[in-house]
Amino acid sequence: MSSKYPPFPGKPPQTKKFIEQQHKVWDAIHNIELPIIIFIQKVFNVSQTIIFWDTVSRIGRAKPISLTPLILFALGKYEKAKHLSKSLIFFSLLSSIGKLVMKRRRPGSYPEVYALCCSSSSSFPSRHMIGFTIVSYFFPFRWFFIILMMIDRIVTGLHYPSDCFFGYLLGEISLVMAKYIFDANLIVFLLFLAVIIWPNGGKILSGAFPIIIAPDVVISKFTFPLIL
């Protein structure tokens, strides 16, 4: 897809192999979304603020998310920890289906969009957005963090606005689906299925696994209200 925009000056060289071939529908959508990304990057002066946005991105990575169910559990919020753990299973499943089916080129792979690095995986949907939408549900200032992560994914050149929007929707869907699944065997099956489909998802689900398999009876006896 040709562009009317010049290459971003001083953009770091991209060392990773990225998706180049995609459906023509994506090309048509990019004609709308790429100018939006370029505008937002100019507004936030991305080349000067990229360190800040990269730090925000790190908060939404696997390790911080994987620790969240354990933190809720340690604070005595077992039901929330259980709900979050089940939601993360659906996060892994739904995001993997989207990545496998919707092969979409990353915005940072275009020369006119600034990016420190360009992921080799599909841009659609944004896993960071799904994860942040789910985790922020259990904490104050939810919308602040959702909007912050949405801006971050666009400013860093890693996602399109539509990736973020559908990531938010999938996060909400994951939260709802988690409320209606109670069978322990089915939950464990879905957990292992999620890891098979997306092996790296095991890093995120590592914190959910002990919450999922822990017997309710034992937890009710040994849950403590606060770690001092």
Collect the residues in region 24-48 that are surrounded by 12 or more Cβ atoms within 10 Å (Cβ to Cβ) and not in a helix (DSSP H, G or I), keeping them in residue-number order. 44
Between residues in region 79-94 that are part of a helix (DSSP H, G or I) and residues that are among the small types (Gly, Ala, Ser) and surrounded by fewer than 22 Cβ atoms within 10 Å (Cβ to Cβ), which pairs lie under 7 Å by C-beta distance while being six or more apart or on different chains? 83/178; 86/178; 87/178; 90/178
Being among the acidic types (Asp, Glu) and modelled with pLDDT of 90 or more, is that true of even one residue in region 46-64? yes
Identify all residues within region 51-65 that are under 20 Å from residue 41 (Cα atoms), more than 10 Å from the chain's Cα centre (by Cα) and touching a residue at least 60 places away in the same chain (Cβ under 8 Å); write none if there are none. 53, 54, 56
If residue 8 satisfies every condition in (1) of a type in the set (Phe, Trp, Tyr); (2) outside any helix (DSSP H, G or I); (3) at pLDDT 95 or above but one, which is the exception? (3)
Among the helices (runs of 4 or more DSSP H) lying completely within region 97-199, list those that include at least 2 residues that are basic (Lys, Arg). 142-155
Test each condition in (1) touching a residue at least 60 places away in the same chain (Cβ under 8 Å); (2) on the phi > 0 side of the Ramachandran plot for residue 141 and report the one that comes out false. (1)
Among the residues of region 170-191, write down those that are over 17 Å from residue 139 (Cα atoms) and either in contact with a Cys (Cβ under 6 Å, 6 or more places away or on another chain) or loosely packed, with under 15 Cβ neighbours inside 10 Å (or both). 179, 180, 181, 182, 183, 184, 185, 186, 188, 189
Residue satisfying condition, being aliphatic (A, V, I, L, M), under 21 Å from residue 82 (Cα atoms) and under 13 Å from the mean Cα position of the chain (by Cα), within set 173, 134, 181, 146: 134
Between 132, 138, which is buried (at least 24 other Cβ atoms within 10 Å of the Cβ) and either out of contact with any Ser or Thr (no Cβ under 8 Å at 6 or more places or on another chain) or not polar (S, T, N, Q) (or both)? 132
Look at region 110-125 and say how many of its residues are closer than 15 Å to residue 33 by Cα and either buried (at least 19 other Cβ atoms within 10 Å of the Cβ) or modelled with pLDDT of 95 or more (or both). 6
May I ask you to list the residues in region 71-106 that are over 13 Å from the mean Cα position of the chain (by Cα) and of a type in the set (S, T, N, Q)? 85
With criteria (1) within 25 Å of residue 162 (Cβ to Cβ); (2) crowded, with 16+ Cβ neighbours inside 10 Å, residue 58 comes up short on (2)
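The values are calculated or read from the model by the stated rules, or taken from the named source; none is laboratory data. Note that the coordinates shown come from a computational prediction; the quantities given were computed from them, not determined experimentally. Counting neighbours? That spans all protein chains shown, and the Cβs are built from the backbone with ideal geometry, glycine included.
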